[in-house]
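Worksheet: the structure to be examined is printed underneath.
Just so you know, all these numbers are worked out from the coordinates, no wet-lab data involved. Predicted model only: the values in this text are computed from it and were never measured. Here Cβ is always computed from backbone atoms with ideal geometry, including for glycine, and neighbour counts include all displayed protein chains.
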Amino acid sequence: MKAMAATVLVYYDTRMLGHNPHGWDPSHPAWTEAVKAMINLQYPGSNLETYSHPERPERLTAIVDRLMLEPIEGVRWMLPTAVTTSQLERVHDKTYVSHIESLRGDSCWLSKDTTAVSPGSVEAACLAAGAGISAVEAITAGEARRAFCVLRPPGHHAHSDHASGFCLYNNLAVTAAHARESLGYQRVMIWDWDMHHGNGTQEIFYSDPSVLVIDSHCAAPFYPGSGLESERGEGAGIGSQINVPMPLGIDNAALLRVFDEVVEPAARKFQPDILLVSSGFDCHYLDMTCTMNESGFAMLTQRMIDLADELCDGRLVLLLEGGYNAQALADSAHAVVRVLAGNRPVDFQGTHKKGQGLSSNAKVRSENANMNQVASISKSG
């Protein structure tokens, strides 16, 4: 029996393709060498003479083309509204926002980890940061209960006062702050399942007990080298940051176990008003470092839908983060949107190749220190 389609809002704007940094920066030779060393470490065998920036426009066109060629009943395409300066300044320093704004029309690098801008980058970043806001506003107005934001540049490495990791503005942090300060949500919960630690999101909400951040990622020294279990928040926010560092090679079963043993029980204790996901697809086996496939992302999405339905009237928004293989992005995003639109995922499928899962020294345990953090978070936020 065919399931009834659910409305899922998909936010996208072609102007986000205008962010197109490429090439090396001859004015910063030390940065260039550092970037090449990083690429060699993460992607051995890359031809550095022909290497193109991984955060490229094709990341979005691959997703959109697949959704257009294989349309999903229930999908409603939406245009995001660009973020405003005041909305950005809820999570970013005024001087930083002013600096990024001053780069409109320019091409330059901002840091030695290949974070860069091209002439259309600032406009793209404002649309990307505005997409999540547009989504939570539409959900609050009752237009739908679920949304997926196809956006770039990504955001979870962007700190309050500087760019890093391909990120200019922290899209998800801007969304969470808007949900709290403009829409009246008292408790916002974030799960970042991108394979890189969302160090910017952690920094922004590190002292905020009203925002619970769970971040599962490949353990340091993998980029950005942060996200230790001991990083639990500070001040009033102690216990509101839960890091789950894992080994390289994590597979479908590993991330599903993170949900079962960390995300779900933490959510039940926190009682969020809305769920947000930093949805990176770089754990896909085609990105070479881990061994997930699109089936795993579909299963994760179904679990998040069920959790949202139980705890917060179904309110769930996913924002694209990483993922740099076009095929992996297209397959994973399509699988996720299908589930958001009410199609139950197919029976569990394993990864493309046997993955490590969780090693004994990085095991996710429901009784470990991570879970003990949750006890300090009251329902009142």
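Quick notes on this one:
- S98 sits among other residues whose Cβ lies under 13 Å from its own Cβ, and their net charge, with Lys and Arg +1 and Asp and Glu -1, is -2.
- Under 5 Å, built H, 5+ apart or other chain: amide partners of A6: G342
- Rel. contact order, % - alpha carbon contacts under 8 angstrom, at least six apart, the range 217-290: 25 percent
- The relative contact order of the range 8-374 comes to 18 percent, based on Cα pairs under 8 Å that sit 6 or more residues apart.
- Among T85, T50, T115, residue whose mean-square fluctuation peaks in a GNM of the chain (springs only between Cα atoms under 10 Å): T50
- Top of T140, T114, T301 by mean-square fluctuation, Gaussian network on the chain, Cα under 10 Å: T140
- Each Lys and Arg contributes +1 and each Asp and Glu -1, all at the Cβ; summed about the Cα centre of the chain, the dipole is approximately 560 debye.
- Sequence-distant contacts, meaning Cα pairs under 8 Å at least 6 residues apart, place the relative contact order of the range 1-149 at 43 percent.
- In sequence order, calculated HN-Hα J values of the range 275-292 (Karplus, 6.51, -1.76, 1.60; Hz; x Gly/Pro): 10, 10, 10, 7, 9, x, 10, 7, 7, 5, 4, 6, 8, 6, 8, 10, 10, 6
- Entry note, the chain: the mean residue ellipticity at 222 nm calculated from DSSP H runs of n ≥ 4, each adding -39500 (n - 2.57), is -10000 deg cm²/dmol after division by the residues and rounding to the nearest 500.
- Think of each Lys and Arg Cβ as +1 and each Asp and Glu Cβ as -1; about the Cα centre, that makes the dipole of the range 254-354 roughly 180 debye.
- Rg to Rh quotient for the chain, alpha carbon positions, Kirkwood Rh: 0.93
- Shape call, the range 59-162: gyration tensor on alpha carbons, a/c limit 1.5: oblate
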